[in-house]
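In what follows, a single structure is set out as C-alpha cells and then discussed.
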Amino acid sequence: MPELKRPQNAKEQMPGVAAFMEQLRAQCGAEWVDRLQREGLADGSFWAIEDGYVIGSPPPSAIRDAESTGACEPGSRLPPARRRDEG
C-alpha cells in the first residue's frame, strides 16, 4: 500500500477536498457539514485522500481504490466539481 501522509495544511495540500467541503458548506450549511465531519473523523466514517495525503482513517479497500486511480500519488488532483446542471 502507498505511504500516505497527514497534511500540515489540508486546505493547501488537499485543494480538491477543501473545495468540495466548501461547496457542501455553502449548499447544506457550515454548522451541519462541520458537525458531520467532526463526528465522522471520530467514528471513522469520514476520510479523504488527495495528492498523497490522507485525512481520517480510510479502510484498506478505499486506499487500494485511490491508489488505482492515482489519488495517492504526489501531484494528483481531484477533478473540478461539476454543478448539478452540468451533467
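The values are calculated or read from the model by the stated rules, or taken from the named source; none is laboratory data. Keep in mind that what you see is a predicted model, and the values were worked out from it rather than measured. All Cβ positions, even for glycine, are placed from backbone atoms using ideal geometry, and neighbour counts span all protein chains on display.
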Count - residues of the range 1-36 that are closer than 25 Å to ASP65 by Cβ and charged (D, E, K, R): 6
Matching option when the condition is polar (S, T, N, Q) and closer than 18 Å to PRO74 by Cα, among GLN27, GLN8, GLN23: GLN8
Every pair of residues 6+ apart whose Cβ atoms lie under 8 Å, when the first sits in the range 60-77 and is on the phi < 0 side of the Ramachandran plot and modelled with pLDDT under 80 while the second is part of a helix (DSSP H, G or I) and β-branched (Val, Ile, Thr): CYS72/ILE63
In the range 60-75, the residues that are over 13 Å from TRP47 (Cα atoms) and among the β-branched types (Val, Ile, Thr): THR69
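Looking only at the range 20-40, count how many residues are in contact (Cβ under 8 Å) with a residue 40 or more places away in the chain and either touching a helix residue (DSSP H, G or I) at 6+ places or on another chain (Cβ under 8 Å) or exposed (fewer than 14 other Cβ atoms within 10 Å of the Cβ) (or both).
Our first condition is that a residue be in contact (Cβ under 8 Å) with a residue 40 or more places away in the chain; within the range 20-40, this holds for 20, 23.
After this cut, where a residue has to be either touching a helix residue (DSSP H, G or I) at 6+ places or on another chain (Cβ under 8 Å) or exposed (fewer than 14 other Cβ atoms within 10 Å of the Cβ) (or both) as well, the list is 23.
Residues in the range 20-40 being in contact (Cβ under 8 Å) with a residue 40 or more places away in the chain and either touching a helix residue (DSSP H, G or I) at 6+ places or on another chain (Cβ under 8 Å) or exposed (fewer than 14 other Cβ atoms within 10 Å of the Cβ) (or both): 1 in total.
Where in the range 1-60 are the helices (runs of 4 or more DSSP H), entirely inside, with at least 3 residues that are among the charged types (D, E, K, R)? Walk me through how you get there before you give the answer.
Numbers: elements: 10-13, 15-28, 30-43.
The helices (runs of 4 or more DSSP H) meeting that bar are 30-43.
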